[in-house]
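Each value in this text was obtained by applying a stated rule to the coordinates, not by laboratory testing. What you are looking at is a predicted structure, and each value in this text was computed from that prediction instead of being measured. For neighbour counting, all protein chains shown are included, and Cβ atoms are generated from backbone atoms with ideal geometry for every residue, glycine included.
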Amino acid sequence: MVLPPYVEQKVREALSEDIGMGDLTSELVVPEGAWAEAEVIAKEEGILAGVREAKLAFVILGARILEAMEDGSSVRPGDVVIRVEGPARALLAAERTALNFLMRMSGIATATAELVRRARAVNPAVRVAATRKTAPCLRELDKRAVALGGGDTHRLRLDDCILIKDNHIAIVGSVGEAVRKAKMAASFTRKVEVEVSRPEEAVEAARAGADIVMLDNFTVEDVKKALELLRQEGLRDKVLVEVSGRITPDNVADYARMGVDIISSGYITHSARALDFSMEIVRSWIQG
């Protein structure tokens, strides 16, 4: 499989960050001719992500992957995620970088899967999406983890779609005016999404031609009111309705139950707990 260029770049940067001028301890303690076989083991249940990046960390330093589970797989404590062999110093130098990719990305995938499960239990058609609240310089990987957990990546960058937010509206003057400007200037191939802060603004946005209306930091009751207003005006079927802001596993079902189309959550990338993995050396030898 051909990897996107940014993947190897990110992995090499992470290795360089951790190794620096060299693994001082291994160079002093581990014989240069020592080889080893190691297993990367899951310590808890979750959804795997970051296997691609973890494998690459080992391979870049000269190791060989013997077998590996697939990204997106479910794991349980004790599952062997990766088996790898190679120069012992290389395995030890790659260990933390490989585990860090697995821990962070699997944590995001697992948190996403849980949000999706809870939301779709009451609204099977709803999409759970990410936001741009990602780690600097790791957005592609954070968003990939979201997708592996069953979520929607939402926009990746500012050039990805038109999303009119509160500060755009503050400068332009009104929701309707901002939407009209975007619709007039943008290609017909571009959808226009607008963030609103009150139920009445949802109607204003839909009347102005918005394709997607984001209800930002709405209470469940305000979401219900916004949807009722859109129905009363005959506009509900003309727009997708997204809710966003302070969405967690504890309240996602309440919002999904309202019948919205999309639920976006920063929680899945900025507050997901890392999944625990370890690497164990299972045998070693001196290469002849």
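Here is how the numbers come out for the structure above:
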{"quantity": "Choice from A119, A88, A34 showing the highest fluctuation, given a GNM over the chain with Cα pairs closer than 10 Å", "calculated": "A34"}
{"quantity": "Choice from N251, N167, N100 with maximal GNM fluctuation in the chain (Cα, 10 Å cutoff)", "calculated": "N167"}
{"quantity": "Residue pairs, from the table K133/K238; K143/K183; K55/K191; K191/K224; K133/K181; K10/K183, whose Cα atoms sit over 31 Å apart", "calculated": "K55/K191; K10/K183"}
{"quantity": "Estimated vicinal HN-Hα couplings, Hz - the stretch 271-288 in sequence order (Karplus 6.51, -1.76, 1.60; Gly, Pro = x)", "calculated": "10, 5, 7, 4, 7, 8, 9, 9, 10, 10, 6, 9, 6, 8, 7, 9, 6, x"}
{"quantity": "3J(HN,Hα) from dihedral phi, the stretch 194-209, Karplus parametrisation 6.51/-1.76/1.60, rounded to Hz, x for glycine, proline", "calculated": "9, 8, 10, 10, 9, x, 5, 5, 4, 5, 4, 5, 5, 4, 7, x"}
{"quantity": "Cβ-defined net charge surrounding R236, 14 Å radius [Lys, Arg +1; Asp, Glu -1]", "calculated": "-1"}
{"quantity": "Rounded to whole Hz, the Karplus (6.51, -1.76, 1.60) HN-Hα couplings of the stretch 99-112, x for glycine and proline", "calculated": "5, 5, 4, 4, 5, 5, 5, 5, x, 5, 4, 5, 5, 5"}
{"quantity": "Positive-end extreme of charge dipole, the stretch 115-270 - chosen from G150, A210, V260 (charges on Cβ)", "calculated": "G150"}
{"quantity": "Mean separation of Cα contacts under 8 Å, 6 or more apart, over the residue count of the stretch 115-270: relative contact order %", "calculated": "29"}
{"quantity": "Distance in nm between pseudo-label sites at V2 and D166 (7 Å out along the Cβ direction from Cα)", "calculated": "4.4"}
{"quantity": "Dipole magnitude of the stretch 115-270 about its Cα centre (Cβ charges: Lys, Arg +1; Asp, Glu -1), debye to nearest 20", "calculated": "420"}
{"quantity": "Environment charge of E67, counting only residues whose C-beta is closer than 13 Å and scoring Lys/Arg +1, Asp/Glu -1", "calculated": "-2"}
{"quantity": "Chain lengthening between N217 and R64 when straightened (0.36 nm per residue, less Cα-Cα)", "calculated": "50.2 nm"}
{"quantity": "Residues with amide H under 5 Å from that of S73, placed H, sequence gap 5 or more", "calculated": "L48"}
{"quantity": "Cα gyration tensor shape for the stretch 164-260, rounded if a/c is under 1.5, else prolate or oblate", "calculated": "prolate"}
{"quantity": "Dipole of the chain, positive end: most advanced residue of Q232, L28, W285 [Cβ charges, Cα centre]", "calculated": "Q232"}
{"quantity": "Rounded if a/c under 1.5, otherwise prolate or oblate - the chain, Cα gyration tensor axes", "calculated": "prolate"}
{"quantity": "Interchain or long-range residues, amide H under 5 Å from L66's placed H", "calculated": "R83, V84, E85"}
{"quantity": "Positive dipole terminus of the stretch 68-147, leading residue within V84, A98, A129 (C-beta point charges)", "calculated": "A129"}
{"quantity": "Shape of the stretch 77-139, Cα gyration tensor, a/c cut at 1.5", "calculated": "oblate"}
{"quantity": "The chain: most fluctuating residue of P87, P136, P249 per GNM, C-alpha cutoff 10 Å", "calculated": "P136"}
{"quantity": "Amide H within-cut-off set for V243, under 5 Å, with H built and near neighbours excluded", "calculated": "L215, I262, I263, S264"}
{"quantity": "Cβ-placed point charges (K, R +1; D, E -1), dipole of the stretch 40-83 about Cα centre in debye, nearest 20", "calculated": "200"}
{"quantity": "Only Lys, Arg (+1) and Asp, Glu (-1) charged, at Cβ; the chain dipole about Cα centre in debye", "calculated": "800"}
